[in-house]
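What follows is a set of notes on a single structure, which appears directly below.
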Amino acid sequence: MSETKTIADNSAGNEQVWGVFYAVMAFVIWGISPIYWKLMKHIPSFEIITHRLVWSFVFLLPLIVIRGRWHEFTAAIKNIRTFGILLITAMLVTTNWFIYVWAVNNEYLLQASLGYYINPLVNVLLGMVFLKERLRALQMAAVLIACAGVLYQTVYYGQFPWISLALAFSFGFYGLIRKAAPVGSLVGLTVETMLLFIPGVIYLSYLDRMGVGSLFRVSHTLDGLLMFTAVATAVPLLLFALGAKRINLSTVGLIQYIGPSGMFLLAVFAFHEPVNSAQVITFVCIWMALALYSFDTIRIYRRLQEGIRPHPSV
């Protein structure tokens, strides 16, 4: 009996190790992705994102078949409610992608990294406003500290961090609305890219007829980069899905900071974006807020593991 238990424990331990590995790899890829987008900085951001949508659908559709998700995919298309939800989320994720790529290629990577640092706190705020979730004391403190950091940069430096907030809220609303669609991440993204596939092809065809499209006009290297946007989109998503189902939510919550941290380090040390004192104070506020948020998440998770149900205000 004890031998069976030991084998089961070892198996569960291996699953968690692989889960952490998959999740870390996903966020590392997202963290260093600005390097990839910078390779195409001479291409208009909207054209890049259109290629990303078109080639992602071409890449994802065979994956749906290979992974045996065809029935789930067709069911999502046939369900009017699910179809409508995914149409909205398709618009939101496209907006998020566009702002992010535009920010990276126009020397605003610091603001982009700030946006993804803020995102977990925006999720908490949206849960309170739209799902009537009660914030615990430390969660409320974290949100207030983050707000203070954004407000300081706005008032002191006179620059409203709209890129950061646009990225955080577009992705926050994407996650909030996406919860209402009963589909997995792979199927959901495939449907979302499918919905914009035809408009994307029409737009790229128009650019080609006008003689201003980039595909097959500049170099084979650029052609490969534009088509590879599908892989750059799907691979980290699949790694994240593999990791998320093997490890607990609090671990995912900590690992997710690898992404914006990578962006931050690239912005400062690789791309040499200027950093002013107001930005430093804002980042310090956000890091303090995230430290509180992470501590609270781990604390509550441990209590739940021990069978203690925490009071909403604790």
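If only residues of region 204-245 that are basic (Lys, Arg) and farther than 30 Å from Glu15 by Cα are counted, the one that is modelled with the lowest pLDDT is Arg217. Can you say whether Ala8 is modelled with pLDDT of 95 or more, surrounded by fewer than 15 Cβ atoms within 10 Å (Cβ to Cβ) and assigned to a helix (DSSP H, G or I), as far as the supplied structure shows? It is false that Ala8 is modelled with pLDDT of 95 or more, surrounded by fewer than 15 Cβ atoms within 10 Å (Cβ to Cβ) and assigned to a helix (DSSP H, G or I).
A quick yes/no check of all residues on (1) over 18 Å from Leu114 (Cβ atoms); (2) in a helix (DSSP H, G or I); (3) of a type outside the set (A, V, I, L, M, F, W, C):
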{"residue": "Gly224", "(1), (2), (3)": "yes, yes, yes"}
{"residue": "Ala234", "(1), (2), (3)": "yes, yes, no"}
{"residue": "Leu242", "(1), (2), (3)": "yes, yes, no"}
{"residue": "Val252", "(1), (2), (3)": "yes, yes, no"}
{"residue": "Val275", "(1), (2), (3)": "no, no, no"}
{"residue": "Ala278", "(1), (2), (3)": "no, yes, no"}
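Candidates are the residues of region 253-280 that are of a type in the set (Val, Ile, Thr) and crowded, with 16+ Cβ neighbours inside 10 Å; the one that is nearest to Asn106 (Cα to Cα) is Ile258. Taking the criterion of being aromatic (Phe, Trp, Tyr), out of contact with any Ser or Thr (no Cβ under 7 Å at 6 or more places or on another chain) and in a helix (DSSP H, G or I), the residues of region 98-116 that qualify are Tyr100, Tyr116. Under 25 Å from Val17 (Cα atoms) and of a type in the set (Val, Ile, Thr) - does that describe any residue in region 261-276? Among the residues of region 261-276, not one is under 25 Å from Val17 (Cα atoms) and of a type in the set (Val, Ile, Thr), which makes the answer no. Filter region 44-81 down to the residues that are charged (D, E, K, R) and part of a loop (DSSP other than H, G, I, E, B) and list them by number. Result: Arg67, Arg69.
Is there a residue in region 91-111 that is over 26 Å from Ser261 (Cα atoms), among the small types (Gly, Ala, Ser) and touching a residue at least 12 places away in the same chain (Cβ under 8 Å)? No, because not a single residue in region 91-111 is over 26 Å from Ser261 (Cα atoms), among the small types (Gly, Ala, Ser) and touching a residue at least 12 places away in the same chain (Cβ under 8 Å). Residues in region 62-80 that are closer than 15 Å to Ala181 by Cα, among the charged types (D, E, K, R) and in contact (Cβ under 8 Å) with a residue 40 or more places away in the chain: Glu72 alone. Of all the criteria given as (1) of a type in the set (D, E, K, R); (2) surrounded by fewer than 15 Cβ atoms within 10 Å (Cβ to Cβ); (3) touching a residue at least 60 places away in the same chain (Cβ under 8 Å), the one not satisfied by Arg217 is (3). If the condition is being of a type in the set (Ser, Thr, Tyr) and surrounded by fewer than 24 Cβ atoms within 10 Å (Cβ to Cβ), then region 99-115 contributes only Tyr108. Quick one: is Ala181 within 25 Å of Ala244 (Cα to Cα), among the small types (Gly, Ala, Ser) and either at pLDDT 95 or above or under 19 Å from the mean Cα position of the chain (by Cα) (or both)? Against the criterion (within 25 Å of Ala244 (Cα to Cα), among the small types (Gly, Ala, Ser) and either at pLDDT 95 or above or under 19 Å from the mean Cα position of the chain (by Cα) (or both)), Ala181 qualifies. So how many residues does region 126-153 have that are surrounded by fewer than 22 Cβ atoms within 10 Å (Cβ to Cβ) and outside any loop (DSSP other than H, G, I, E, B)? Counting residues in region 126-153 that are surrounded by fewer than 22 Cβ atoms within 10 Å (Cβ to Cβ) and outside any loop (DSSP other than H, G, I, E, B) gives 17.
Condition check: over 30 Å from Asn14 (Cβ atoms) and touching a Lys or Arg at 6+ places or on another chain (Cβ under 9 Å). Does Ala168 satisfy that? No: the conditions fail for Ala168. Contact annotation: residue pairs with Cβ atoms under 6 Å, 6 or more positions apart or on different chains, pairing a residue in region 27-46 that is over 16 Å from Asn96 (Cα atoms) with a partner that is assigned to a loop (DSSP other than H, G, I, E, B) and among the small types (Gly, Ala, Ser), are Ile43/Ser214. Can you pull out every residue in region 155-174 that is in a helix (DSSP H, G or I) and crowded, with 16+ Cβ neighbours inside 10 Å? Across region 155-174, the qualifying residues are Ile163, Ser164, Leu165, Ala166, Leu167, Ala168, Phe169, Ser170, Phe171, Gly172, Phe173, Tyr174.
Applying the criterion of being part of a helix (DSSP H, G or I) and hydrophobic (A, V, I, L, M, F, W, C) to the residues of region 200-222, the residue that is nearest to Ile43 (Cα to Cα) is Leu222.
The values are calculated or read from the model by the stated rules, or taken from the named source; none is laboratory data. Fair warning: this is a prediction, and the values are worked out from it, not measured in the lab. Cβ coordinates were reconstructed from backbone atoms using ideal geometry, including for glycine residues, and neighbour counts include every protein chain displayed.
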